[in-house]
Protein chains: 2
Amino acid sequence: MTQLDATDIKILNVLQEEGRITNKALSEKLGLSTTPIFERMKRLEKDGVIAKYVALLNHKKIDRKLTVFVSISLKNHTRSYLEKFIEEMNQFKEVQEVYHIAGDFDYMLKIVTRDIETYQKFILANLSVNSNIAHVKSQFVLSRDKYTTAYKLDS
Amino acid sequence: MTQLDATDIKILNVLQEEGRITNKALSEKLGLSTTPIFERMKRLEKDGVIAKYVALLNHKKIDRKLTVFVSISLKNHTRSYLEKFIEEMNQFKEVQEVYHIAGDFDYMLKIVTRDIETYQKFILANLSVNSNIAHVKSQFVLSRDKYTTAYKLDS
DNA sequence: CCTGAAACTTTGGGTCA
DNA sequence: TGACCCAAAGTTTCAGG
């Protein structure tokens, strides 16, 4: 693992909140010239510490009003079946996140759709036909009260 | 709600995957000149369709190896108690997401920490002392098999 | 959509400890 | 040697026409 120094950490904390900040503005914020910031950013990208830059959209303004957490238990847990399940989930754009979890269920999915009808159609067309799924439990989101993608790092 | 046309949707789909793409590169990708792309991006930002731009980090490279989904039920559900709970959760940097959910539990939290010891300390210091929490159920993440922040939009 | 001045990015060379 | 600063060359931005 790359060792991160205090300046790296400051850069990462800023970029996690302002992903399109200019090198110049970031440099001024940290009291350095553009060169070291530029080189550090490139290094952090190259080393994979920064995985990617993205725009986060307001889901309400693009007609994606429903989020559901779906817990799933599988019948067959052999490796190839797990891999097959994951591969399948990766193809569905409605499934934004997939976690293998310890406990009663095997997987937890985060599914986002336009509304409840679209959600039901999606489940019927894509999960209900999967013969390896034993159990499905849907937890509907009433409101999202906190959301951040940032890991606040301290030096 | 702002009405989005096919070009807006293409712009949003690209920016959700390449948040730092230059206006010029984006314009070339969509076969338009920089001016209309520039104006549309500014409009989408101003209207709040684009909420923000962020850098996503590789959690394994910054020593955040444990993710836990925590389901919580509260004792008192009056509005002011719910608001107090949310306000409290918003102060914890380890709590990245908070969802009010329908069903057995009231809230689901996504908590990210360095490791299991740090997690336990966090729970003991911050949740166990909350006298309004009735029940806590932790679901530990073994692996994250899909993760995207993008809503793939179709025209 | 085109244009160009202003702003930003990127690189090479040089300084300091 | 490593981390930084400066300045010039190369790109991009963004307002006017």
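Bear in mind that the values in this text are calculations on the coordinates, not laboratory data. Everything numeric in this text was worked out from a predicted model, so none of it was measured. Methodologically, a virtual Cβ is constructed for each residue, glycine included, from the backbone with ideal geometry; neighbour enumeration extends over all protein chains shown.
Please report, for A:R144, the nm distances (one decimal) from its label point, 7 Å out from Cα along the beta-carbon direction, to the equivalent points in the remaining copies, shortest first.
Once sorted, the set of distances for A:R144 reads 1.5 nm.
For chain A, what is the mean residue ellipticity at 222 nm derived from helices alone (per DSSP H run of n ≥ 4: -39500 (n - 2.57); sum divided by total residues; nearest 500 deg cm²/dmol)? Working shown, then result.
On the way: 5 runs with 51 residues, N = 155.
For chain A, the value works out to -9500 deg cm²/dmol.
Specify whether the C-alpha gyration tensor of the stretch B:6-46 places it in the rounded, prolate or oblate class, a ≥ b ≥ c being the square roots of the eigenvalues: rounded for a/c under 1.5, otherwise prolate if a/b is larger than b/c and oblate if not. Present the calculation step by step, with values, prior to reporting the outcome.
Working: a/c = 1.28, a/b = 1.04, b/c = 1.23.
Note, shape of the stretch B:6-46 comes out rounded.
How many angstrom lie between the C-alpha centres of the stretch B:90-110 and the stretch B:1-22?
Centre-to-centre (Cα) distance: 29 Å.
Size of chain B along its principal axes in angstrom, Cα-based, largest extent first?
The Cα atoms of chain B stretch 58, 38, 24 Å along their principal axes.
Take every Cα pair under 8 Å in the stretch B:66-140 that's 6+ residues apart, average their separations, divide by the length, and report that relative contact order as a whole percent.
Values: 102 pairs, mean separation 38.6, N = 75.
Result for the stretch B:66-140 is 51 percent.
Taking B:K152 as the anchor, which aspartates and glutamates have their alpha carbon closer than 16 Å to its alpha carbon, excluding any fewer than eight residues away along the same chain?
A:D63, A:E94, A:E97, A:D115, B:D5, B:D8, B:E17, B:E18
Taking 8 Å as the Cα distance limit and 6 or more residues as the minimum spacing, I'd like the relative contact order of chain A as a percentage.
29
Shape call for the stretch A:3-84 from the C-alpha gyration tensor, a ≥ b ≥ c root eigenvalues: rounded (a/c under 1.5), prolate (a/b greater than b/c) or oblate? Walk me through the numbers on the way to the answer.
Values: a/c = 3.87, a/b = 1.82, b/c = 2.13.
Oblate.
Let me know the shape class of the stretch B:46-102, please: from the alpha-carbon gyration tensor, a ≥ b ≥ c as square roots of the eigenvalues, rounded when a/c is under 1.5, otherwise prolate if a/b is greater than b/c, or oblate.
On the way: a/c = 2.66, a/b = 1.36, b/c = 1.96.
The shape class here is oblate.
For label points placed 7 Å from Cα toward Cβ, what is the shortest-first list of nm distances from B:N58 to its copies?
Output for B:N58: 3.4 nm, nearest copy listed first.
Taking each label point as 7 Å beyond Cα in the direction of the beta carbon, state the distances from B:T22 to the same residue in the other copies, shortest first, in nm.
B:T22 label point versus its equivalents elsewhere: 1.4 nm.
In whole Hz and in residue order, list the ³J(HN,Hα) couplings for the stretch B:127-133 that follow from phi through the Karplus curve 6.51 cos²θ - 1.76 cosθ + 1.60, θ = phi - 60°; x for Gly and Pro.
After applying 6.51 cos²θ - 1.76 cosθ + 1.60, I find 9, 5, 8, 7, 6, 8, 8 Hz.
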